[in-house]
Amino acid sequence: MKAFDNYNPITIFIYFASVITIGMFCLNPVTMNPLILFLSLSGALTTYIIRNRMSGVKSHFFFLGMFILLAVINPLFNHNGVTVLLIINNNPITLEALLYGTASAAAIISVIYWFRSFSQIMTSDKLLYILGNISPKFALILSMTLRYVPLFENQTQKVIQAQRGLGLYSDTDFMSRVRGGTRVFSVMVTWALENGVVTSDSMTARGYGITKRTFFSIFKFRKKDIAVTVASLILFAIILTGVISGAINFRFYPEISHAQTTAVSVITYIAYGLLTFLPAAIETEEEIKWKYLKSKI
């Protein structure tokens, strides 16, 4: 089930803008709060795994390796900090540098996972819906670009198969691949230019640009869209207030120190936890409803 996909594109965009902005803002050394980063990484992973189940398991191992690499690199090159764990070739490995590298790795990986979910949910038609009212010309260019990418790929495969059928394309050695690829590229450039001219003539024949454009959209703002939008904005405002007030400040250098735990900091953590796990909660609720309805059949 992918219930979050069915929300209005504006609602989805506002949510991801809110959660990713906080995650990226926490790359700042002063506001890189470990708990915020842990919540961001946990929410991003949970959302992605719930949506994709067991598909793309290999990519998780890749990002795990990246996480370990990013966490280890910092203490090897950055020797700031007062708590020395060990010394390698007269270079101290400090606890502060290790924790800072781990926090940086968590921030980067969480943002990557948020963008992975964003790219899956925010499809081209949803982006065009958002941009259409802001800049119709840019939306048109983006639409044509997104359309030409799969067309270009499909046509490339057709040309390669045709070249192979004629005995003109071979990948037995490096030079053969270069010659075949150059020939295919030349054909594709000609095809793209010709297709662009045909598209332009077709748009002119249909009267594009003569009058003001009209828009048709299947997306509507429903009560649940309003609820999620308002919730995202309220939670974002609460978190931003906590960040700006310094209630969740956390320093790694020269020694680990953090702001005193207050009601504002606790509310900030709770608000960000609710924000990060909002899509997962929506997906889980929808799945429970679906299983309940299936059991009634």
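Residues are listed down the side, and each one gets a yes or a no for (1) within 17 Å of the chain's Cα centre (by Cα); (2) crowded, with 20+ Cβ neighbours inside 10 Å:
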{"site": "Leu70", "(1), (2)": "no, no"}
{"site": "His79", "(1), (2)": "no, no"}
{"site": "Ala97", "(1), (2)": "no, yes"}
{"site": "Ala107", "(1), (2)": "yes, yes"}
{"site": "Phe115", "(1), (2)": "yes, no"}
{"site": "Ser119", "(1), (2)": "yes, no"}
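Out of the residues in segment 134-185 that are of a type in the set (D, E, K, R) and within 34 Å of the chain's Cα centre (by Cα), which is nearest to Met203 (Cα to Cα)? Please lay out each step first, then the result.
Filtering segment 134-185 for residues of a type in the set (D, E, K, R) gives 137, 147, 153, 158, 164, 171, 173, 177, 179, 183.
Next cut, within 34 Å of the chain's Cα centre (by Cα) only: 137, 147, 153, 158.
On the way: Lys137: 13, Arg147: 15, Glu153: 23, Lys158: 26 Å.
The qualifying residue nearest to Met203 (Cα to Cα) is Lys137.
So, Val197, is that one in contact with a helix residue (DSSP H, G or I) (Cβ under 6 Å, 6 or more places away or on another chain) and hydrophobic (A, V, I, L, M, F, W, C) or not?
Values: in contact with a helix residue (DSSP H, G or I) (Cβ under 6 Å, 6 or more places away or on another chain): no; hydrophobic (A, V, I, L, M, F, W, C): yes.
Criteria not met by Val197.
With the condition kept exactly as written, say whether any residue in segment 93-106 is under 27 Å from Trp191 (Cα atoms) and of a type outside the set (Lys, Arg).
Taking segment 93-106 and keeping what is under 27 Å from Trp191 (Cα atoms), we get none.
No: zero hits.
Give segment 234-288 a look and list any residue that's touching a residue at least 40 places away in the same chain (Cβ under 8 Å) and over 28 Å from the mean Cα position of the chain (by Cα), or say none.
Scanning segment 234-288 gives Tyr253, Pro254, Glu255, Ile256, His258.
Among the residues that make up segment 123-137, is at least one of them exposed (fewer than 13 other Cβ atoms within 10 Å of the Cβ) and over 30 Å from Leu275 (Cα atoms)?
Residues of segment 123-137 that are exposed (fewer than 13 other Cβ atoms within 10 Å of the Cβ), as a first pass: 133-135, 137.
Adding the requirement that they be over 30 Å from Leu275 (Cα atoms) leaves 137.
Yes, that holds for at least one residue.
Just the residues that are modelled with pLDDT of 75 or more and either more than 22 Å from Val19 (Cα to Cα) or surrounded by 12 or more Cβ atoms within 10 Å (Cβ to Cβ) (or both), please, taken from segment 204-226. If you could, list the steps in order and put the result at the bottom.
Let us first name the residues in segment 204-226 that are modelled with pLDDT of 75 or more, namely 204-205, 218-226.
Those that are modelled with pLDDT of 75 or more and either more than 22 Å from Val19 (Cα to Cα) or surrounded by 12 or more Cβ atoms within 10 Å (Cβ to Cβ) (or both): Thr204, Ala205, Ile218, Phe219, Lys220, Phe221, Arg222, Lys224, Asp225, Ile226.
Looking only at segment 111-149, which residues are under 23 Å from His60 (Cα atoms), assigned to a helix (DSSP H, G or I) and touching a residue at least 24 places away in the same chain (Cβ under 8 Å)? Outline the logic, then answer.
Start the filter on segment 111-149 by keeping residues that are under 23 Å from His60 (Cα atoms), which leaves 111-123.
Retained after the next criterion (residues that are assigned to a helix (DSSP H, G or I)): 111-121.
Val111, Ile112, Tyr113, Trp114, Phe115, Arg116, Ser117, Phe118, Gln120, Ile121 - these are the residues of segment 111-149 that are under 23 Å from His60 (Cα atoms), assigned to a helix (DSSP H, G or I) and touching a residue at least 24 places away in the same chain (Cβ under 8 Å).
In segment 171-179, is there at least one residue being modelled with pLDDT under 85, surrounded by 14 or more Cβ atoms within 10 Å (Cβ to Cβ), more than 30 Å from Ile282 (Cβ to Cβ) and touching an Asp or Glu at 6+ places or on another chain (Cβ under 8 Å)?
Among the residues of segment 171-179, not one is modelled with pLDDT under 85, surrounded by 14 or more Cβ atoms within 10 Å (Cβ to Cβ), more than 30 Å from Ile282 (Cβ to Cβ) and touching an Asp or Glu at 6+ places or on another chain (Cβ under 8 Å), which makes the answer no.
Filter segment 138-155 for residues that are closer than 25 Å to Thr182 by Cα and surrounded by 16 or more Cβ atoms within 10 Å (Cβ to Cβ) and give the result.
Once the filter is applied, which keeps residues that are closer than 25 Å to Thr182 by Cα and surrounded by 16 or more Cβ atoms within 10 Å (Cβ to Cβ), segment 138-155 yields only Gln155.
Restricting to segment 150-194, name every residue that is free of Cβ contacts under 8 Å to residues at least 12 places away in the same chain, polar (S, T, N, Q) and part of a helix (DSSP H, G or I).
Listed by number, the residues that qualify are Asn154, Gln157, Gln161, Ser176, Thr182, Ser186, Thr190.
Answer yes if at least one residue in segment 254-264 is at pLDDT 85 or above and of a type in the set (A, V, I, L, M, F, W, C), and no otherwise. Can you show your working first?
We begin by selecting, within segment 254-264, every residue at pLDDT 85 or above; these are 262-264.
From what's left, of a type in the set (A, V, I, L, M, F, W, C): 263-264.
Yes, because at least one residue in segment 254-264 is at pLDDT 85 or above and of a type in the set (A, V, I, L, M, F, W, C).
Considering only residues that are part of a helix (DSSP H, G or I) and closer than 16 Å to Thr276 by Cβ, which ones fall in segment 238-248?
Filtering segment 238-248 down to residues part of a helix (DSSP H, G or I) leaves 238-245.
Correct list: Ile238, Ile239, Leu240, Gly242, Val243.
Can you find a residue that is under 30 Å from Leu131 (Cβ atoms) and either surrounded by fewer than 17 Cβ atoms within 10 Å (Cβ to Cβ) or modelled with pLDDT under 85 (or both) anywhere in segment 27-41?
Scanning segment 27-41, I find at least one residue that is under 30 Å from Leu131 (Cβ atoms) and either surrounded by fewer than 17 Cβ atoms within 10 Å (Cβ to Cβ) or modelled with pLDDT under 85 (or both), so the answer is yes.
The values are calculated or read from the model by the stated rules, or taken from the named source; none is laboratory data. This structure is a prediction, so every number in the text was calculated from the model and none was measured. With ideal geometry, Cβ positions are generated from the backbone for all residues, glycine too; neighbour counts draw on all protein chains shown.
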